[in-house]
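Engineer: Shown below is the structure under consideration.
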Amino acid sequence: MARTDSPHRWYLFDYGNVISTAPTPQDWDLLAEAVGVDRLQEPASAYWRHRGAYDAGSLTSDEYWSLVRGRRIEPARSAWLDVLDANQWSHLNLETLDVLEDLDARGERLALLSNMPAAMAVQFAGAPWTRLFRHSFFSSSLRLVKPAPAIFDRVLAELQAAPGQVTFVDDAPANIAAAKGMGIHGLLFEPSSDLSRLLAEGRPVSPAFRE
């Protein structure tokens, strides 16, 4: 859709569990079989214990998947695991997508902020949904992860926006709390959320965006 500058605020969206839905049990089983480690989806698993460092760009794919598996993994295998991992996080929430397309059609300014490893960001590059966003920020390229305040500082600087000119939608309470602590208008997204209503009911009264 055509891009036109407007006085509207910025809408900053998380990706996982907001734009995408959670991986299915079958997705996790497929990845676990390929890795050779069971129950990867559990919070205490090596998949999640080392995920923050992978999202931050502090680990390469080979290093991350070797830690997850518990022994060294060759590059070809780690590349395949990255594909499977991206695939399981690629199921789009169609209701969220409808809202994003509506915001875009109205000329609203959309941006993305996701904790995402570089390999996944590369795999998603060029996907149709990415064209809805004027800016896309990934933790792996910023070398920062939510909820660190510094990542929000970087985003605000790139958007050339004051905190009060940004509405941030994320599924993690810690990320919303961090954003609110900086003066950003944060909205907590849950699986049962009606995003249109959430945005409408949570719309702040604020001055128009100024270039």
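Engineer: Work through the residues other than Leu31 whose Cβ is under 15 Å from its Cβ and net out their charges, Lys, Arg +1 and Asp, Glu -1.
Structural biologist: Working: positive: Arg39, Arg51, Arg69, Arg77; negative: Asp27, Asp29, Glu33, Asp38, Glu42, Asp82, Asp85.
Once all neighbours under 15 Å are counted, the net charge is -3.
Engineer: In the set [x] 141; [y] 167; [z] 113, which value of volume of the Cα convex hull per residue in Å³ was calculated from the structure you see?
Structural biologist: Structure-derived value, by its label: [z].
Engineer: Here's a follow-up. Could you tell me how far the Cα centroid of the range 30-92 sits from the Cα centroid of the range 124-158, in Å?
Structural biologist: Here the two parts' Cα centres lie 21 Å apart.
Engineer: Could I ask something else about it? Pick from Arg143, Arg71, Arg134: which is most flexible by mean-square fluctuation in a GNM of the chain where alpha carbon atoms under 10 Å apart are linked?
Structural biologist: Highest fluctuation of the listed residues: Arg71.
Engineer: Sticking with this structure for a sec: As a check on your grasp of the helix formula, calculate [θ] at 222 nm for the chain: sum -39500 (n - 2.57) over DSSP H runs of n ≥ 4, divide by the residue count, round to the nearest 500. Show your work: numbers first, answer last.
Structural biologist: Values: 11 runs with 93 residues, N = 211.
Taking each H run of at least 4 residues, the total per residue is -12000 deg cm²/dmol.
Engineer: Among Glu158, Glu201, Glu190, which one moves the most in a GNM of the chain with springs linking Cα atoms closer than 10 Å?
Structural biologist: Glu201
Engineer: Can you give the relative contact order of the chain as a percent, counting alpha carbon pairs under 8 Å and 6+ residues apart? Walk me through the numbers on the way to the answer.
Structural biologist: On the way: 324 pairs, mean separation 57.5, N = 211.
RCO, the chain: 27 percent.
Engineer: Among Trp65, Trp89, Trp48, whose mean-square fluctuation peaks in a Gaussian network model of the chain (Cα, cutoff 10 Å)?
Structural biologist: Trp48
Engineer: Can you give the local net charge around Pro43? Use residues other than it whose beta-carbon is closer than 14 angstrom to its beta-carbon, Lys and Arg +1, Asp and Glu -1. Numbers along the way, then the final one.
Structural biologist: Numbers: positive: Arg39, Arg49, Arg51; negative: Glu42.
Within the 14 Å Cβ shell, the charges total +2.
Quick note: the coordinates plus some simple rules give every number you see, no bench work behind them. Just so we're clear, the structure is a prediction, and the values are computed from it rather than from any experiment. We place every Cβ from the backbone using ideal geometry, glycine too, and count neighbours over all the protein chains shown.
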